[in-house]
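Asks: Before I ask anything, here is the structure I am working with.
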Amino acid sequence: MEAIIGLEVHAQMNTKTKMFCGCDNDAFGKPPNVTVCPICMGHPGTLPVPNKEAVAKAVKAALAIRCTIAPACHFDRKHYFYPDLPAGFQISQYDFPLAKGGLVEYDITDASGKPVAERQCRITRLHMENDAGKLTHRGDRTLCDYNRAGTPLMEIVTEPDLRSAEDAVAFAQELRRILIAVGASDADMFKGMMRFDASISLREKGTTKLNPRSEIKNLNSFKALEKALQYEEKRLAKLWEKEGGPLKNDITVGWLDEEEKTRMLRDKETADDYRYFPEPDIPPLQFDAKEIEAVRKALPPLPREEKKKLASLGLTEAEALQLNDDPELMQRFSAVYQKTKDAKRASSIVITQLKGFLGAQGKQVSDGPGVPDLLKLVEVIDSGSISANAGKEVLESMVETGKAPDTIIAEKGMKQISDDSAIEALVDKAIAANPQAIESFRKGKSAALGAIVGWVMKESRGQANPAKVNEFLMKKIK
C-alpha cells in the first residue's frame, strides 16, 4: 500500500492593499472589522479593481516555480454560502488561471539538515483569488471578523506526486522559501499567511489508479500538515482493511489540532457545486511575452541554488539552511560577508552571535541591528579600536538597546589601547606581577603566556590590543 498526496497551498501576497480594493492588507493584531470597506464587504453596486502589485507578485511566484504564464486569464465567481464570505461568492480563477505546469525540486534532509535524497513535485496551476474572513466560535455564537476578507492570495495546486507526510512537509518548506526569496509573500505561518489543504488516498503499490481521496482542510503549520497526513494515512489503511478497499467517494475532513485527529465534515464538493462563471465586473488580464521574459530574467537566485553556494563557502548544512529560511538573516550575512570576505567570520557574527543574543532577549532579526550598524561594528573591530571579544559585548548591547556601536563604545569606555608606550607599560607591569608564569614559559610551558596576556587584558579592562601585547611580551621575555 502507498499514499498518494497532493496539496493546495494558499499564500498571502505581501501587498500594501487588498486584492480588489484599497483597504490595508495588514490585518494581523488589529481590532475586528477595521480594515474593511464596501468593496471587500461585497456591498451591492461596488466594483472590484485588481491590485496591479498582487498580479505582478503572482507572476514572479509562478515563474519561480517554473510555471507557464497564460497570455490571457480571467477571474471567476466561486459561489458558496458561509458567514465568512460577505459577498456570497469568492473572486477566484477556474477555467483560465494565471499559470500552469510548473515544477518544484526539494530535498529530504536528515536531523542535521544534510540532504539525503532529492525529490520533485509537479505544479498543476497557480491562480489568484481573494481570502474570506475569520470566524470565532464561542458556545452557540459565531463572531465574524472581516479584516482578512479580500486579502490577495495565490493558490498553488500540486499534482499527486507526494508519497509521505515527510515529502509533503519538505516540499511545502521549499515552496515557502521560494515565495519569500522572490518577494511574493512573507509566508509568516504565525500570522496565517500560508495555509494548506492536503488530499490523501491509498492504492496498492505497482498500480497507477487514483482512488477517491480524503481532503484535510485548513492546516496552518508544517507540524499540523505532517501530523494530519500521518493520522489520515493510518485511518484510511484501517478502513481499507475493514471494508476491503479504498474510500467509495471523495470526502472532506477537518483537523483537530489539540486532539490530533480528523473529523468528518462533508462529501467533497465538485466544481459544479460552486457554480463558477466569469466575473462580469473584471475584464480579462493580458500578458506580453517580452515583459514576462524580463521578469523571469530578473528573478533572484532560488533557495536551493543559494544553499549550495553557501555550502561551497564552507558553511555547514545547518547554517546554510538557517540563512535560507530567514531573508532578514541572509541579508545581514551577505553584507558582512561582502565586507569581510570571510564566510566563517560572517557566520560567527550573524548566526552565532547576533541570532544568539536576539534569541536570549526574545527578539526577531528585524528587531535587531540593521546592516549599516553591523558593518560599522566590523569596521571598528578591523581598525583595532576594539578587540573581537569586546565586539561581542558591543553587539549584545546593540541588540539590547538599539544603539549604534560607536555610541556604546564611547559610553562604556571600550576603545582599544594600541599606543605602543601604553602597551609596553602594561606588559612591564604584567612581567613584574607574574614571575612564576614567566619562568614556566621559559621552561617550555607555552600555556603560561596566555595567563600573562590574560592579566594584561584584565588590568586594561579588555582594552589592550592583544596582538601588540603578545608582540611586546615575546620581545621582553626573549
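Throughout, read-outs are computed from the coordinates displayed, never taken from laboratory work. The structure presented is a predicted model; accordingly, all values stated were derived computationally and were not measured. Note that we place each Cβ from the backbone using ideal geometry, even for glycine, and neighbour counts take in every protein chain shown.
Asks: Set the Förster distance to 41 Å, then compute FRET efficiency between K476 and E393 from the Cβ-Cβ distance, nearest 0.05.
Replies: Numbers: r = 29 Å, r/R0 = 0.71.
Working from the Cβ atoms, E equals 0.90.
Asks: Can you tell me the FRET efficiency between L103 and I251 if r is taken as the Cβ-Cβ distance and R0 is 35 Å, rounded to the nearest 0.05?
Replies: Plugging the Cβ-Cβ distance into 1/(1 + (r/R0)^6) gives 0.75.
Asks: For K429, list the aspartates and glutamates whose Cα falls under 20 Å from its own Cα; do not include residues on the same chain fewer than 8 positions away.
Replies: By straight Cα distance, K429 reaches D419, D420, E439, E459, E471.
Asks: Further question: Using alpha carbons only, how many angstrom separate the centre of region 432-478 from the centre of region 1-53?
Replies: Region 432-478 and region 1-53 have Cα centres spaced 66 Å from each other.
Asks: Which aspartates and glutamates have a Cα less than 12 Å from the Cα of K248, not counting those fewer than 8 places away in the same chain?
Replies: Cross-link targets: D267.
Asks: If each residue's Cβ is checked for other Cβ atoms within 10 Å, how do C21, C73, C40 rank with the fewest at the top?
Replies: With the sparsest Cβ surroundings first, the list reads C73, C21, C40.
Asks: Let me ask something else. Two-decimal Rg/Rh of region 388-451 from alpha-carbon positions, Kirkwood Rh?
Replies: 1.18
Asks: Percent antiparallel among DSSP beta bridges with both residues in region 168-297, to the nearest 5?
Replies: That works out to approximately 70 percent antiparallel.
Asks: Sticking with this structure for a sec: So how far apart, in nm, are the two label points at E243 and E328 if each is 7 Å from Cα heading toward Cβ?
Replies: Result for the modelled spin labels: 4.8 nm.
Asks: Okay, moving on. Cut-off under 27 Å on the C-alpha distance; same-chain residues fewer than 8 positions from K308 excluded. Which lysines are left, in chain and number order?
Replies: Within the straight-line cut-off, K308 pairs with K57, K60, K114, K223, K297, K339, K341, K344, K355.
Asks: A follow-up question, please. Suppose each label sits 7 Å from its Cα in the direction of the beta carbon; what would the Q353-E424 distance come out to in nanometres?
Replies: Each label point lies 7 Å from its Cα, and together they span 3.1 nm.
Asks: Then there is this: Using Cα pairs under 8 angstrom and six or more residues apart, how large is the relative contact order of the chain, in percent?
Replies: 14 percent
Asks: Follow-up. Add +1 for every Lys or Arg and -1 for every Asp or Glu among the other residues with Cβ under 13 Å from the Cβ of L103, and state the total.
Replies: Values: positive: R66, K100, R119, R122, R125, R304; negative: E105, E118, E159, D161, E174.
Residues near L103 contribute +1 overall.
Asks: By the scheme Lys and Arg +1, Asp and Glu -1, what is the net charge of all other residues having a beta-carbon under 9 Å from that of P32?
Replies: Charge balance in the 9 Å sphere: +1.
Asks: Any chance you could run the full-extension gain for D110 through D26? It's 0.36 nm times the residue separation minus the Cα-Cα distance, nm to one decimal.
Replies: Length gained between D110 and D26: 26.6 nm.
Asks: Restricting to the chain, compute how many DSSP beta bridges are antiparallel as a %, nearest 5. Display every interim value, and only then the final one.
Replies: On the way: 59 of 64 bridges.
Antiparallel bridges make up about 90 percent of those DSSP assigns within the chain.
Asks: How would you classify region 329-436 from its alpha-carbon gyration tensor, with a ≥ b ≥ c the square roots of the eigenvalues: rounded for a/c under 1.5, else prolate if a/b is greater than b/c, otherwise oblate?
Replies: The shape class here is prolate.
Asks: Would you please classify the overall shape of region 230-312 from the alpha carbon gyration tensor, given that a ≥ b ≥ c denote the square roots of the eigenvalues, rounded means a/c under 1.5, and beyond that prolate means a/b larger than b/c while oblate covers the rest? Each step should come with its number before you reach the end.
Replies: Working: a/c = 3.16, a/b = 1.43, b/c = 2.20.
Because a/c hits 1.5 or more and a/b fails to exceed b/c, region 230-312 counts as oblate.
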